[in-house]
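Working notes for the structure below.
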Amino acid sequence: MFILWFDQLSNDDVQYVGGKNASLGEMYVNLTPKGVRIPNGFALTAYAYRYFLEKAGIKNRIKEILSDLNTGDMQNLQERGHKVRETILKAEFPNELKVAVLSAYRDLCGAYNKDRSDTDVAVRSSATAEDLPDASFAGQQESYLNIRGDYQILEAVKKCIASLFTNRAISYRVDKNFDHFSIALSVGVQKMVRSDLACSGVMFSIDTESGFKDAVLVTGSYGLGENIVLGAVNPDEFYVFKPTLKNGFKPIISKNVGSKQQRLVYDLQGTKPTKNISVPDEERAKFCMTDEEVLTLARWACTIEDHYSTKAGHLKPMDMEWAKDGITGQLFIVQARPETVQSKKDITKMITYALKEKGPVVVKGKSVGSRIGKGTANVIKSVKDIGLFKKGEVLVTEMTDPDWEPIMKIASAIVTNRGGRTCHAAIISRELGIPCVVGTTEGTDKIKQGQNVTVDCSQGDEGFVYDGQLIFDVNELDLGTLKRPKTHIMMNVGDPSQAFELSFLPNDGVGLAREEFVLNNAIGAHPLALLGFDNLKDQEAKQKIAKMTAAYPTKRGFYVEKLAQGVGMIAAGFYPKPVIVRLSDFKSNEYANLIGGKEFEPKEDNPMIGWRGAARYYDPKYIKGFEMECEALLKVRNEYGLKNIIIMIPMCRTITEGNKVLKVMADNGLVRGQDGLKVYAMCEVPSNVILADQFMDIFDGFSIGSNDLTQMTLAVDRDSEVVSHVFDERNDAIKTLVKSVIEVCNRREKYIGICGDAPSTYPEFAKFVVESGIQSISLTSDTVIKTTMMVYETEKKLGLHN
């Protein structure tokens, strides 16, 4: 049989129509009734492909051309690949096959046009070995968009068949030990979605960097989707949290605007069916899709993943392509395949990379993976020059497509100017297990040919390229054998982009989620400068704020959403475990350093003990800024559904102050005890310990901040080098206060933990607080494993583990 329609196919038909077409049929039949829209189409079968090779008399000729193939020799590979493709393209279609294809195309035209006139279609290849568990063939063959009319259909089908023998596809099959003729090709013909008039993109039902399974990553850009797939644009990126999405919430926990410099559209006058045009600056600065559209796509991703997981009998994360029709406004799924990298991750093993030294930063971009690589930079701007690349070098280029794969697999790292986390370079580097920094914009200009560089993807969302080949450590941890103590081991987390990765460490939640990183990096502007934007005197600050908030209707909305998403990423990463969020604790000099901040901050001689923490929140001079903070936290709980956050008030010096802050919070919807909301306070001044019983009348617990408690008790400025020798959390005065407050909180059956540096820095201090009855210890991520082991042994000596 030459032709099978989508409604005749299922996932069991890979041998007949390849993975891509079988998946389209599976979804068309099973998920269309569940509201997932799939454009209709048909598949030219693997039987038709083999029939074409036999009847056209070219199979033996192809075998002959490939008889002395050497994929390690670029020239050999290029010459043989070209000869095979030319042989296919010059071959004549058997008449009976031609009739079958054109008849099916005309039926598809009739489904969309009453007069059966030519309709636009996408013609895509689908290999019968595509997306097997140990080999991702996605992108190995070609796609042709805006194809219409009999002649174009037949030419596109023939080009798809020839694409089974592109240089990179030949090389890939050899690497994976596939015989060239054990794999057949099916060709899918699918009604086009007019995303050239709207937007399109790629999404995954798993985080592509960490393997965190509870998030959907959606990327989008203007125009047809090939630009994102190939990495020709830096797209918008969104993360949606799956567990609370399924419960009816709207948890878009991250949104980042991409530069989206160009848009792929129909070319109605030219010789090619599509062309790229520039996107105006005003549109680049905006998101290409609405929040509701992001949520719809995320729900579909969950529906698709659930369907394939049920059928497989285990979790089956999916890689999907979507498109929005600019005429009808409707969203569609145009492809879906299993994710083949992170879904195979062994979560009992953790490999960590850490730089031992730093060098000058040459360029920055989006990190792919969490590894570090180094080598000599080879800047290659054209695929025709890939023969100049040597094993172990760092590939620096504009963007990659499958033609680059023969050298990507021998690179120590990859750097591209363009592309997002779902582009070709990102997907292949993940599969190969090499570090990659995409979307640097100017990598090929700033990195010089022959320059020694280090590519670092170990620091979270942002990837860095440093000058010089730097020293770094690689550690492998076996988490499966780690014994867990009764004392809760929690983590201090500041950077939201690291939350998903850190969640794989053995933990009992987050003992300290700092807002300051979000305020500094994701927001960058003073809260009151955003609220009072129109009256700002600093014109340079106004320009910066206008630019950073261009994608948002209001400056207030920008602040609230960015802060909510920063907190939301951390809360989602550790959900449903508790995440203790400390309210903003910048000092006045640190607030002044934010954009526009100098107009709103006093100059204090000693800001460390000045206008910080609780004292700001109820002060008429700052209360409007704190109200935005409350709104953001309310959004995390009520809109995102992340009720696992616990709010913690820093530097609360008196009971009166505590009550004032609680009232402002309640006035803004954050009522202690309502809907399970708990409110803790930092225990970091002696008055907190002396009046611990009274503080526990108004709060649900304390978290000891050993740094500030030491500073305030010993009257030592912890920023002063002159008296730094006096600063020591192990001082008996500090230990007396710590032991006392632990006893009070345990007697009152309230929470008591410690989130200061002391347990991370001094194992004997960790031992002391465990013996004193601390409920939890919150640590920096790099000390979690060793402190977990030490605490377990301490408890064992205390007879807590028989």
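Details
- Pairs of alpha carbons in segment 28-72 whose separation is greater than 11 Å (percent): 76 percent
- Surface share of carbon and sulfur [accessible, 1.4 angstrom probe, percent] for segment 467-558: 47 percent
- Label-to-label distance, nm, for residues given as residue 99 and residue 15 (7 Å Cα→Cβ offset): 2.9 nm
- Here the contact order of segment 361-520, divided by its residue count and restricted to Cα pairs under 8 Å and six or more residues apart, works out to 26 percent.
- Normalised per residue, the accessible area of segment 676-802 is 43 Å², obtained with a 1.4 Å probe and no contribution from ligands, DNA or RNA.
- Spin-label proximity, residue 286 to segment 197-232 - amide N less than 14 Å from point 7 Å beyond Cα toward beta carbon: 198-199, 222-223
- Remark: relative contact order (segment 444-538) = 19 percent; criterion is Cα-Cα distance under 8 angstrom and separation of 6 or more residues.
- Residues in segment 32-60 reached by a label modelled at residue 310 [backbone nitrogen below 11 Å; 7 Å Cα→Cβ]: 34
- For segment 1-112, the solvent-accessible area of protein heavy atoms averages 47 Å² per residue (probe radius 1.4 Å; ligands and nucleic acids excluded).
- Relative contact order [Cα under 8 Å, 6+ residues apart], segment 309-442, whole percent: 21 percent
- Using only the C-alpha atoms, the convex hull of segment 159-314 corresponds to 169 Å³ per residue.
- Kirkwood Rh, angstrom, segment 561-676 [1 / mean 1/r, Cα pairs]: 14.9 Å
- Pairs with C-alpha atoms separated by more than 22 Å, drawn from the list 349/409; 34/635; 678/767; 213/246; 358/786; 678/750, are 349/409; 34/635; 678/767; 358/786.
- Taking the chain, the Cys residues with no second Cys beta-carbon under 4.7 angstrom are 109, 160, 302, 423, 436, 457, 630, 652, 683, 745, 755.
- Aspartates and glutamates with Cα under 18 Å of residue 381, excluding same-chain neighbours fewer than 8 positions away: 393, 398, 401, 403, 405, 442, 445
- Protection proxy ranking of 656-662, 207-213 - average other beta-carbon atoms within 10 Å, highest first: 207-213, 656-662
- Nearest-0.05 FRET efficiency for residue 89 and residue 398, computed from C-beta distance (R0 30 Å): 0.60
- Using the Cβ-Cβ distance between residue 354 and residue 801 with R0 set to 30 Å, the FRET efficiency from 1/(1 + (r/R0)^6) comes to roughly 0.45.
- Length gained on full extension, residue 182 to residue 732, computed as 0.36 nm times the residue gap minus the Cα-Cα distance: 190.5 nm.
- Segment residue 691-residue 449, length gained on full extension (0.36 nm per residue, minus Cα span): 80.6 nm
- The alpha-carbon positions of segment 331-418 define a convex hull whose volume is 169 Å³ per residue.
- Taking 0.36 nm per residue of separation and subtracting the current Cα-Cα distance, fully stretching the chain between residue 720 and residue 60 would add 229.5 nm.
- Max-minus-min Cα coordinates of the chain on each principal axis give 94, 52, 51 Å, with the largest extent listed first.
- In straight-distance terms, cross-link reach from residue 364 covers every one of the lysines whose alpha-carbon lies under 17 Å from its own, apart from those fewer than eight places away in the same chain; here that gives 374, 446, 448.
- Three-way shape label, segment 388-533, alpha-carbon gyration tensor, a/c 1.5: oblate
- Extending 7 Å from the Cα toward the beta-carbon at both residue 474 and residue 384 defines two label points whose distance is 3.7 nm.
- Rounded Å value of the spacing that divides the Cα centres of segment 751-768 and segment 372-423: 46 Å
- Sequence ranges 773-779, 762-768, 361-367, ranked by mean other-Cβ count within 10 angstrom, highest first: 773-779, 361-367, 762-768
- Using the Cα coordinates of segment 531-603, the gyration tensor eigenvalues translate into equivalent-ellipsoid semi-axes of 28, 17, 8 Å, sorted from longest to shortest.
- Shown here: segment 196-243, whose C-alpha atoms stretch 33, 18, 12 Å along the first, second and third principal axes, sorted largest to smallest.
- Whole-Å distance, taken between Cα centres, linking segment 585-641 and segment 324-351: 39 Å
- Theoretical FRET efficiency, 1/(1+(r/R0)^6), r = Cβ-Cβ of residue 327 and residue 761, R0 51 Å, to 0.05: 0.25
- The value for segment 688-802 of Rg(Cα) / (2.2 N^0.38 Å) is 1.09.
- Those aspartates and glutamates that a straight Cα-Cα span of less than 18 Å connects to residue 114, excepting residues fewer than 8 apart in one chain: 150
The values are calculated or read from the model by the stated rules, or taken from the named source; none is laboratory data. Bear in mind the structure is a predicted one, so any value in this text is a computation, not a measurement. Every residue, glycine among them, receives a Cβ derived from its backbone with ideal geometry; neighbour counts consider all protein chains shown. Note: areas computed on protein heavy atoms with side chains; ligands, DNA, RNA excluded. Shrake-Rupley method; radii C 1.70, N 1.55, O 1.52, S 1.80 Å.
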